[in-house]
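Student: Have a look at the structure that comes next, please.
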């Protein structure tokens, strides 16, 4: 008997792989999983903040989220096509913090794809990239401000984010910008 930490989870086809740090259990050994709630909650906060940043930057600059990486302490989002400069960051940060302070509810529902295709801003979300066999999608709504299909974990309200600080803007090539951000730590 021993313990190991799951340091990464990946899905390939119909298989889910757990990458461990520590001893590997034997094939027939019964294991007990314990959720690292502190880490999970940090990721939930960061992911909800990503939705806010993505919405604000799309609305103001028309830049789409081209990728993101969520971590417990610091995260980043890549936007493309994007041309906004560093002098735009204080206003973006202030707008995110405005929505955090207003403490909007975050709700999650399951929506029929056909309904979603009629409702969604298809300039921001290209549902055609999903296989046509997917008929129902998980929708994350932040107040009346944002609605986006997403399978990730999120907090219950924007107030749980406490505050956001943009720490870096970096060019990642032609019309691609990476924004790095962190959240006010929990007490």
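Every number in this text was worked out from the coordinates using simple rules, so none of it is lab data. Owing to the predicted nature of the structure, the values given are computational and were not obtained by experimental measurement. Cβ atoms come from the backbone with ideal geometry, glycine included; neighbour counts cover every protein chain shown.
Student: For the chain, what relative contact order do you get, as a whole percent, if you take Cα pairs closer than 8 Å and at least 6 residues apart?
Tutor: Relative contact order comes out at 23 percent.
Student: Can you give me the three principal axis dimensions of the range 1-59 from its C-alpha atoms, in Å, biggest first?
Tutor: Computed over the Cα atoms, the extents are 52, 29, 15 Å.
Student: Which distance in nm do the two modelled labels at residue 35 and residue 69 give, with both placed 7 Å along the Cα-to-Cβ direction?
Tutor: Between residue 35 and residue 69, the label points sit 2.6 nm apart.
Student: Please report the relative contact order for the range 124-187, taking Cα pairs under 8 Å with a sequence separation of at least 6, and give it as a percent rounded to a whole number.
Tutor: 21 percent
Student: Roughly what angle does helix 37-61 make with the longest principal axis of the chain, taking Cα atoms, 0 to 90 degrees, to the nearest 10?
Tutor: 20 degrees
Student: What ranking of 87, 78, 59 emerges when the number of other C-beta atoms within 10 Å of each C-beta is taken as an exposure proxy, fewest first?
Tutor: With the sparsest Cβ surroundings first, the list reads 87, 59, 78.
Student: For helix 89-101, report the angle its Cα long axis makes with the longest principal axis of the Cα atoms of the chain; keep it between 0 and 90° and round to the nearest 10°.
Tutor: Between the helix axis and the principal axis of the chain, the angle is about 70 degrees.
Student: Which whole-number percentage describes the relative contact order of the range 1-90, with Cα contacts under 8 Å and a sequence gap of 6 or more?
Tutor: Relative contact order here is 17 percent.
Student: Grab the eigenvalues of the alpha-carbon gyration tensor for the chain, scale each by 5, take roots, and send me the semi-axes largest first in whole angstrom.
Tutor: Each semi-axis is √(5λ); the values are 30, 22, 17 Å.
Student: Also: What is the calculated FRET efficiency for residue 83 to residue 128, with r their C-beta to C-beta distance and R₀ = 30 Å, to the nearest 0.05?
Tutor: 0.70
Student: Can you compute the modelled spin-label distance between residue 24 and residue 61, with each label point 7 Å from Cα toward Cβ, in nm?
Tutor: 4.4 nm
Student: For the chain, modelled as a Gaussian network with Cα springs under 10 Å, which listed residue fluctuates most, 91, 80, 49?
Tutor: 91
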